[in-house]
């Protein structure tokens with residue numbers, strides 16, 4: 001309604017200001033319409049900055065505490081450009097959650113095959129540790145949003161379990177085959193998955209405590225991570241392995 005109070009000159013100045021700053025934020029002007037739209041390369045770069053900034057802010061403050069202006073500032077863009085891509089915070093939140101979850105799952109691969117569960121489990125633990133370490137903001141966000149009662153990550157995880165070829169689905173299938181073959185004793189696949197994932201995620205969302213309890217993590221985090229991978233694998237696998245399995 002404030003635009004109604006502006007004179008023609010003021011509106012022209014306002015338009016020039018928006019166009020100027022839109023160009024600085026990664027927009028180009030189409031000659032046919034005179035409207036500002038992102039070029040393909042600039043749009044990709046701007047979207048990446050928005051997603052990275054939104055993930056960082058959401059991880060620190062959660063959906064309810066995050067502000068679009070703060071996300072725009074962290075992305076180094078003006079808020080109107082943020083609204084060009086996402087009209088509401090809810091849209092941005094869901095898009096970032098979807099993108100983060102997809103990238104997280106794509107960052108590691110667990111071979112299905114018909115091999116021993118021992119090898120599948122070791123690969124899953126190794127890749128999960130590496131993925132969580134690389135995306136610690138994402139892990140912290142997932143934990144905080146679950147604690148706040150938001151269902152978006154639960155819905156994404158449910159979809160992952162139902163998607164053929166996803167790491168979660170591959171692990172469930174591998175657990176069921178291992179039980180059927182007698183490699184491990186009978187176990188609920190979902191319970192085992194929760195145990196393994198918790199063991200991989202918890203250290204990275206409570207790192208100050210981890211470093212207090214484990215001096216090696218303070219001195220040499222790489223060495224500690226490799227030691228932790230080995231420990232989690234041995235506790236889980238040899239706790240489930242049948243007596244015929246060679247523990248050597």
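The values are calculated or read from the model by the stated rules, or taken from the named source; none is laboratory data. Since the structure is predicted, the reported quantities are computational estimates derived from the model, not experimental observations. Every residue, glycine as well, gets a Cβ built from its backbone with ideal geometry; the counts of neighbours run over all protein chains shown.
In summary, residue 81 fulfils each of the numbered conditions (1) surrounded by fewer than 17 Cβ atoms within 10 Å (Cβ to Cβ); (2) more than 30 Å from residue 131 (Cα to Cα); (3) at pLDDT 85 or above with the single exception of condition (1).
Quick check, is residue 69 at pLDDT 85 or above, within 22 Å of residue 153 (Cβ to Cβ) and either exposed (fewer than 12 other Cβ atoms within 10 Å of the Cβ) or in contact with a strand residue (DSSP E or B) (Cβ under 6 Å, 6 or more places away or on another chain) (or both)? In short, no. In the set (1) part of a helix (DSSP H, G or I); (2) under 28 Å from residue 157 (Cα atoms), residue 87 fails one condition alone, (1).
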